[in-house]
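Novice: I'd like to ask you about the structure that follows.
A short reminder: the numbers here are calculations on the coordinates, not readings from a lab. The structure displayed is predicted, hence computed values, not measured ones. No Cβ is skipped: glycine too gets one built from the backbone with ideal geometry, and neighbour counts run over all protein chains shown.
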Amino acid sequence: MRRSKRIIAGLALVAGLALPAAADQPQRVVSINLCTDLLAMQLAAPGQLVSVSNLAADPHSSVMAEEAAAYRANYGLAEEVFLLKPDLVLAGEYTARATTSLLERLGVPVVKFAPATSLDDIPAHLERMGAALGREAEAQAMIEAFNADRAALAPTGDELRPLAAMYYANGYSTGLNTLSGKVLDAAGFRNVAAEAGLLRGGNLPLEVLIMAAPDMVIRGNRYPGQSRSEDILDHPALARLGASPAAPILADRDWICGTPRILEVVSRLTEARSALEKIR
């Protein structure tokens, strides 16, 4: 506690020098959350975004790892963020609460974003990010493009909706009230987990999956190294279940964050559904 008070006091002494004067458009923006990293990298003006979280450059976590390499990485620590002299910090609603609380006490503006759980959340997040960055026109253009692309991908009501399952380490799957579940629905699939009563994320027993007999099982990329949690993915029953050549492999990074790029996943799944219907 004493150390924390000393840090606050020390940083507060230079607060007046460390923070630039307020402006309509922030000039030094720091993001400490993967999903706000991705939104900010797509919307920020050149030179406006000065740092993103270390996860943004991790190819296992981020769909924009190459782009993130151009920015200074941060680890979400209050001291390092403050020393970057931000006039705006972008964070997730549940990101490093000790960090965001301390920054706010030091007078640093912090804008927090809730996780996207639906495709409908994406335009709202773009609008909010545009307002935070002073890039409203750019955000509106991106929203209009997103809505148009989404409409073009929407399945018609009379199309067959095959049954699919998302299955990951430890038998993890996601239901309808999740971003990945909404993506699966948007691509024209029914969801095994949702039909089994799993509304959000959780364990889907292999026996339940087998009895559902899905038309397709969507698996994720494996992480480097070995983990016993992935042993279930090698089960012989799973190897024969939903083993469609059309099934795409989707990494966690592909649909962990709600940005316009998630429509690429919808497109891939839509193509997989069309290919599946041709071979059924």
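Novice: Add +1 for every Lys or Arg and -1 for every Asp or Glu among the other residues with Cβ under 13 Å from the Cβ of M129, and state the total.
Specialist: -2
Novice: Still on this model: So between R261 and R200, what do we pick up on full extension, going 0.36 nm a residue minus the alpha carbon distance?
Specialist: Difference between extended and current length: 19.8 nm.
Novice: While we're on this one: Determine the dipole magnitude for the chain: charges of +1 sit on the beta-carbon of Lys and Arg, -1 on that of Asp and Glu, nothing else is charged, the reference point is the Cα centre, and the result goes in debye to the nearest 20.
Specialist: Here the size comes out at about 900 debye.
Novice: Fewest to most neighbouring Cβ within 10 Å: what's the order for Y75, Y167?
Specialist: So the residues, fewest neighbours to most, are Y75, Y167.
Novice: While we're on this one: Quick one: if you take sqrt(5λ) for each eigenvalue of the C-alpha gyration tensor of segment 28-167, what semi-axes come out, biggest first, whole angstrom?
Specialist: 30, 17, 14
Novice: Taking the mean number of other Cβ atoms within 10 Å as a proxy for protection, how do you rank 172-179, 76-83, 143-150 from highest to lowest?
Specialist: Ranked by mean Cβ neighbours within 10 Å, highest first: 172-179, 76-83, 143-150.
Novice: Here's another thing I want to ask about it. Taking the highest mean first, how do the peptides 96-104, 66-74, 258-266 order by number of other beta carbon atoms within 10 angstrom per residue?
Specialist: 258-266, 96-104, 66-74
Novice: So how do K182, K278, K85 line up by other beta-carbon neighbours within 10 Å, fewest first?
Specialist: Arranged by neighbour count, lowest to highest, K182, K278, K85 become K278, K85, K182.
Novice: Still on this structure, please answer the following. Fewest to most neighbouring Cβ within 10 Å: what's the order for F189, F113?
Specialist: F113, F189
Novice: Roughly speaking, what is the centre-to-centre gap between segment 181-211 and segment 107-124 when only Cα atoms are used, to the nearest Å?
Specialist: 26
Novice: Let me ask something else about it. With mean projected area of the Cα convex hull in nm² as the read-out, I listed (1) 16.9; (2) 18.9; (3) 14.6; which label goes with the value calculated from this structure?
Specialist: (1)
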